[in-house]
Amino acid sequence: MSAPQRKPSTDVQKDASMAKQKAMIDSNFDRLGNVKNTGEKVSYTFVPGNLNELIMCFDMVGNYPEINAIQNGLRKKSGGLIMEAEKWGHSEDVCTYVKADIGMMRKG
């Protein structure tokens, strides 16, 4: 017996806070993508410390390995990036979020 086919949802309902969060994340990635042109400093830190406000006070843009790994995971790219970092000598016990970013940097 196979599972019943579910019809994909065409409209996602977003409340104001979800839209605001998406806009903030989009803005952060836009800033990260333009640091070569703007000269902004980048802080590489983990999400749990929630240092966003402090980082912004110093006119820096935050780069968070967990977010990058999630984005790459959704695109089914994290595994290859992690293997790339391990190929360059990064241990299997190193945080996979960080290894995914290292692999992403190695691949350009």
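The values are calculated or read from the model by the stated rules, or taken from the named source; none is laboratory data. All values derive from a computational prediction rather than experimental measurement. Because the Cβ atoms are built from the backbone with ideal geometry, glycine has one as well, and the counts that use them run over all protein chains shown.
Within the set of pairs 6+ apart or on separate chains, which have a first residue in segment 6-31 that is under 21 Å from Glu53 (Cα atoms), a second that is of a type outside the set (A, V, I, L, M, F, W, C), and C-beta atoms under 8 Å apart?
Listed pairs, sorted by first residue: Lys22/Lys14; Asn28/Gly62; Arg31/Thr38; Arg31/Glu40.
For residues in segment 10-51 being over 15 Å from Tyr64 (Cα atoms) and acidic (Asp, Glu), which is surrounded by the fewest Cβ atoms within 10 Å (Cβ to Cβ)?
So the residue we want is Asp11.
Quick one: is Lys36 basic (Lys, Arg), assigned by TED's automatic domain parsing to the domain that holds Gly103, without any contact (Cβ under 8 Å) to a residue 12 or more places away in the chain and more than 16 Å from Ile102 (Cβ to Cβ)?
Details: basic (Lys, Arg): yes; assigned by TED's automatic domain parsing to the domain that holds Gly103: no; without any contact (Cβ under 8 Å) to a residue 12 or more places away in the chain: yes; more than 16 Å from Ile102 (Cβ to Cβ): yes.
Taking the combined requirement at face value, the residue does not satisfy it.
Could you please let me know if Val61 is buried (at least 16 other Cβ atoms within 10 Å of the Cβ) and touching an Asp or Glu at 6+ places or on another chain (Cβ under 6 Å)?
For Val61, the condition - buried (at least 16 other Cβ atoms within 10 Å of the Cβ) and touching an Asp or Glu at 6+ places or on another chain (Cβ under 6 Å) - is met.
Return the pair list, or none, for Cβ contacts closer than 7 Å from residues in segment 92-108 that are without any contact (Cβ under 8 Å) to a residue 60 or more places away in the chain to residues that are surrounded by 13 or more Cβ atoms within 10 Å (Cβ to Cβ) and β-branched (Val, Ile, Thr), at least 6 apart or on different chains.
Thr96/Ile82; Lys99/Ile82; Ala100/Ile82; Gly103/Ile82
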